[in-house]
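Only one structure is covered here, and it is reproduced in the block below.
Any read-out appearing in this document is the output of simple, stated calculations on the displayed coordinates, not a laboratory observation. None of these values were measured; they are calculated from a predicted model. Methodologically, a virtual Cβ is constructed for each residue, glycine included, from the backbone with ideal geometry; neighbour enumeration extends over all protein chains shown.
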Amino acid sequence: CKPCPHPAVPLYAQITLSDETHLQPGSTVTYKCDDGYELFGTSIRTCGYDGKWTGDLPYCAVNVAYGKPTNQSSTVRGGDSRNANDGDVSTIHENKYCTETKSENSPWWQVDLLQAYEIRVIRIITRGCCGHQPLHDLEIRVGNSSFVQGNRLCAWYPGTLDDGVTKDLQCAHSITGRYVYIQMVGVQASLSLCEVFVFTTKEFSADRCGTQMEHQQLISFNQTCYEFQTQQGGSFADAQNYCKARGGLVVNSVADVTHNFLYFELERLKTKLKSRLVWLGARREVNLNQPSFHRSRSNVWKWVNGHSVTKFLWADDQPNNYNGQQNCIVLDGGRKWLWNDVTCDLDYLPWICQYTPSNCGSPDKSLNSTIVEKDYRVGREITYKCPVGHKIVGNEVRKCQSDGFWSGNSPTCVYVNCGPLSDIEHGRVVYVNHSRTTFNATARYICDKEYSIVGNETRICLGNGSWSDKEPKCLYSWCPELPFIPNGYLNITNRTINGIATYTCHSGHKLVGNSTRQCHLGGRWKGEEPICKCNCYGMLIQISNFFKLDIDCGMPLDVRHGRYNLLNRTTTYQSIVKYQCDQNYTLIGNETRNCTEYASWAGVEPTCKLIDCGNPEVPHGAELIGDKYTIGAEVIMKCKPGFKMISGSSKRRCNSESKWEGEVPVCRYIDCGRVPVILKGEVKYVNSTTHLHSLLNYSCSVGYKVVGSKQRECGEDGKWTGSSPKCEEIRCVPPEKPKNSSVVYSGNDRSTSDSFKVGSTVQYRCASGHIVKGNSLRTCESDGTWSDSPPSCVYVDCGFPLVIPHGRWLLTSNTTHYGSTVEYECSPNYKINGPARRLCLENGTWGGVPPACEVVNCGKPPTRDDKTMVEAKVFAVGERASYSCVHGYELVGDEQRICQNNGEWSNDTPYCRIVDCGKPPVLPNGRGYLLNGTTTYESAIEYHCMPEFKMIGDPFRRCTATGLWSGSLPRCLEISLMAEPDNNIDNRIDGMTGTLQMESSKAIGIGIAVGIGALLILIIIITIVCLKTNSKKPQPVKNTENVEVNRPPDKDTATVMSYSRLSLESEAHNGGPIRHHPNGLVTFSSPLSHQHNPQPLYANTNGVNIQTNNGYRNPSGTGNIVAIRSNGASHSTTPRFMVASGMSKAASKNSITSTLEV
């Protein structure tokens, strides 16, 4: 099993290895993109047994379509084209979330990216079930044309997309363009898209804009970050300070492309802006040395980054320098966001900050390379490393540039093996790095004993696969043993190369020659052997003659590679020795030497040196191969590149005469010159030379091929071999057409389909029920062949769908093959749970999961308050829910609701309100007090009779759950009348009671009918005024019907009138506001409300006949009820009802006036 190399990493991605140290088979690598980027491809790759990572390398890209201008062929039902790139991924349209065109021929949708990007993937989110037909036969085109067919085909999808799915369509090749089109081709249909994403790797995410910005509208465009500050407003100085504090500047250096981007973004954000004027980062250049009235007359404008503004985008009527102080510029929303000059101190305008990225993101790296540093901020550098045995090809160091992109490209690691080195003569090779011969490996040469290295001892494996330097040599380095010189001493450090021999003489002798000799390569000592001469010549002669002594020089030393011969066979005085060298050696020094009187051989001992011819002559344009110049050695003469040998010998040999055999060669320079350029092609000189043996290669433009020889060589005759080729257009033959398919050609330059130019495409579409197995889009490649293999059309049948309980399905096209749809519906009283429509997919299955028919269940009946009670046990269709209220409350709405087949309960939800007994009955000649100020359930009223009257019956009554007051109304009988005979009194009382009951009933009915309004207020005011004008003596009190109410003259009128006057005058005096009461009464504010918390005062001012519940009524048939409050010293705040009933002026003295206070 082979280990895997370190995996490659795409730009803006990070990896996690399952094993950091050993990438063995089974190890995994997980890819993750930087924030703001999305991963395309597999996120996990595995190391295989072949030492390779499975799958293709993924990549990280960013969406550049969001918020950009859009268009489409038509628009219906709220399906605006902007809905497809608004960031909302909802698949339910509801006339506002997705795009929709009308049903038309080949509908299309387009997005303008505002600048060209390299596009790789387009993502489509389709509309959910079931308000629209599924998308099918889609073409994706990318280019710079505003016409659909004027752009290159990126991708083609001949199938049908399921409802509510996300589909990524990858371009066959990355295409650079500004416009992206999505079109349903060749069909009559409606195009509906819920969201579209356009991904590129050539833009960075807004997440790389830094961390100091507030959470505003932050977006990147054209490799620049923009922050749209919509929440604040301020002066130009405020805008500058805000942006500078976050490392940016107010938006500046705005050109046409940037202005288009700002225009569409501001249009999209205009509802959020505090003003339709937005600061631009430019100011008029003001010379402070000029008078103030001249300072704003300058026409020189500078961007906030210091550069001059060279191109202006003023609105039609600008600049006008209206007040002579307009030295700043804004983007004016009222003028299509063109420029307008304003004063710089406007303190409420929003602004746009412009930032450069803070980092370059995660860098990419090639297979088997690693990065040392982990700091990716702007200005930082990273270094790439390759494993042992590999060399780096490319930029070893890359820098994060100010534009947020890495310099250069990621390098690659190439495995290099220089191979083993051969041992050299008298030596061997040793590898330093464990026998490694790969890139950067080191080899060291070691010579045999008595031999030394000549040249570089070490060599390194280079990136080109060769070893550095030349092969060294091992030369003999053991010099022979030196003899001791007569009358002297010899000291030798060593006999190897660079060894030193030092000579010294005995006392009385003088050294003649060099005192030291050095051991040189080849085993020879440098220089000649010195001698030690005695200073006592004469003395030696005398002594010799005197004693008749003989002088003997001894045997001469041996000569290496030579021999000597004693001519007289003696070594005594005047003896002669002759030297002779071996074959191939020549004598260096004296051939003969004689024995002198000093007892030493004359001269210097000769040596035998191998015959050497010396350095051979190297002529111009030639180079020498070989470094041995001794007898028998051969050297090769070679002409340099571009030269030709026209005479002489290329090989020469050193002979015994120390001369080189053969003639010196002559090299002549040959140049073929440059060739003319061919049409639709180019010429590349391989080594940038045109001399002898130079090569040139021909290549043609895209869509053309070389016909003839692609390579030519400069010949010895000074001409290029062969002839100039031609560039012929490459054409592809018609592509294969599989069975059950149809094809559509595009991009060709001919109307016929007999041949196709490079770049032409063929789109395959299969017959109904078939899917394209293989690549549905093929391209004519530059080699004249079609990309990929031809696809096939495979019939796909999903079969009949399964039956769902309590429901049925319907095949809309009566087919079950690919692209068919089945729709489901449920039996009555059942509803569908799941997709109501399913599509037959490519894998032969029906899309989604089968729906289920569930019993319609209306759920627990809802209530609107905590006083409502519901009785229902089953919530199925047709079941009833009964509503009721707790005691004291009454139900408003239907008591029963029925569960309908749509899953909803019938009618509106009822609610409970507290029982209100309404206005209490009026007690003639008495008054009543509402004890808690209300007339609702459990409220109580207490009755009191007027002075000179006595109560008969229970004075307390309570509001019951039935809405009626408990018990019966008591009676107030005049005490003076109680002395009359019982029958007379009873008759009068009974007659009065019946009359009052009748009148009271009428009053209640009419009061509810004609009730409330401004007229009531007016009547009350008139009544108050009338009472006030009769304050001194009893006057008739008129109600709204102008019916007079008088006390009989024989009674104490002051007692009766005090009640009415007290109430009405106090209300009129204090001008208290009047309010309408739900019971048909009018409420007056208490004049003491600021001191107390009084109960409201009530008065019936409807001017109707009063009929009380107990039968008492006004004998005259008219009455007026007013509310009064005592203004006595006690400041009582108890509300009271009072009714004053009167008869006509002709009435008898027995008429009764009754008052009810509550």
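When the listed pairs K202/K757; K399/K684; K52/K773; K32/K202; K391/K705 are checked against a 23 Å cut-off, the alpha-carbon distance exceeds it for K202/K757; K399/K684; K52/K773; K391/K705. If R0 is taken as 35 Å, the Cβ-Cβ distance between L624 and N594 corresponds to a FRET efficiency of 0.20.
Label sites at I460 and E20, each approximated as a point 7 angstrom past Cα along Cα to Cβ, lie 3.0 nm apart.
Couplings 3J(HN,Hα) for the range 505-515, derived from phi with the Karplus relation 6.51 cos²θ - 1.76 cosθ + 1.60 (θ = phi - 60°), are 10, 5, 5, x, 10, 10, 6, 10, x, 6, 7 Hz, where x marks Gly and Pro. Can you compute the label reach from N71? Point 7 Å from Cα along the Cβ direction, backbone N cut-off under 14 Å, restricted to the range 171-190. Answer for this model: 178-182. For the range 832-900, the C-alpha radius of gyration divided by 2.2 N^0.38 Å, with N the number of residues, is 1.82.
List the relative contact order of the range 884-958 as a percent without decimals, with contacts defined as Cα pairs under 8 Å and 6+ residues apart. Each step should come with its number before you reach the end.
On the way: 105 pairs, mean separation 16.6, N = 75.
Once normalised by length, the contact order is 22 percent.
Hey, quick one: spin label on I446, modelled 7 Å out along Cα-Cβ, who in the range 466-493 has an amide N within reach, i.e. under 20 Å? What the label zone holds, given the 20 Å backbone N cut-off, is 471-478. Two numbers describe the Cα atoms of the range 868-914: Rg and Dmax, which are 11.1, 35 Å.
What full-extension length gain, to one decimal in nm, is calculated for N932 and K96 as 0.36 nm per residue of separation minus the Cα-Cα distance? Intermediate values should be presented prior to the final figure.
Numbers: separation 836, 0.36 × 836 = 300.96 nm, distance 5.57 nm.
Value of the extension gain: 295.4 nm.
Within the range 807-855, the ratio Rg/Rh, alpha carbon atoms throughout and Rh by Kirkwood, equals 1.01.
Seen from all directions on average, the range 731-795 presents a Cα convex hull projection of 3.9 nm².
Each of the peptides 332-340, 309-317 was scored by the mean count of other Cβ atoms within 10 Å over its residues; in descending order, highest first, they stand as 332-340, 309-317.
Inter-label distance, F405 to Y322: 4.3 nm, where each label sits 7 Å from its Cα along the C-beta direction.
Does the range 427-476 classify as rounded, prolate or oblate by the C-alpha gyration tensor (a ≥ b ≥ c root eigenvalues; a/c under 1.5 gives rounded; else a/b over b/c gives prolate, otherwise oblate)? Write down the numbers at each step before the final one.
Values: a/c = 3.83, a/b = 1.83, b/c = 2.09.
Because a/c hits 1.5 or more and a/b fails to exceed b/c, the range 427-476 counts as oblate.
Using the beta-carbon distance between N843 and A961 and R0 = 60 Å, what value does 1/(1 + (r/R0)^6) give for FRET efficiency, to the nearest 0.05? Efficiency at R0 = 60 Å is approximately 0.30. Annotation: peptides 444-457, 767-780, ranked by per-residue average of other Cβ atoms within 10 Å with the highest first, follow the order 767-780, 444-457. Note on F147 and L567: the extension gain reaches 139.7 nm, defined as 0.36 nm multiplied by sequence separation minus the Cα-Cα distance. The simple Förster model, with R0 at 25 Å and r as the Cβ-Cβ distance, assigns E854 and S906 a FRET efficiency of 0.80.
Kirkwood Rh over alpha-carbon pairs of the range 18-173, then Stokes-Einstein at 4 °C and 1.567 mPa s: what D in µm² s⁻¹, rounded to an integer? Walk me through the intermediate numbers first.
Numbers: Rh = 18.1 Å.
For these conditions, the coefficient is 72 µm²/s.
Only Lys, Arg, Asp and Glu count, each charged at its Cβ (+1, +1, -1, -1), so figure out the dipole size of the range 427-476 about its Cα centre, rounded to 20 debye.
Working: 7 positive and 5 negative charges, 22 e Å.
So the magnitude is around 100 debye.
Structural size metrics of the range 387-504, computed from C-alpha coordinates, are Rg and Dmax of 24.0, 87 Å.
For Y451, the residues whose modelled amide H falls within less than 5 Å of its own, excluding neighbours fewer than 5 places apart on the same chain, are S477. Summarising the label geometry, the points placed 7 Å from Cα in the beta-carbon direction at L610 and K737 lie 8.3 nm from one another.
Fully extended, how many nm does the chain gain between S782 and K244 (0.36 nm per residue separation, minus their Cα-Cα distance)? Show your work: numbers first, answer last.
Values: separation 538, 0.36 × 538 = 193.68 nm, distance 5.22 nm.
Here the segment from S782 to K244 would lengthen by 188.5 nm.
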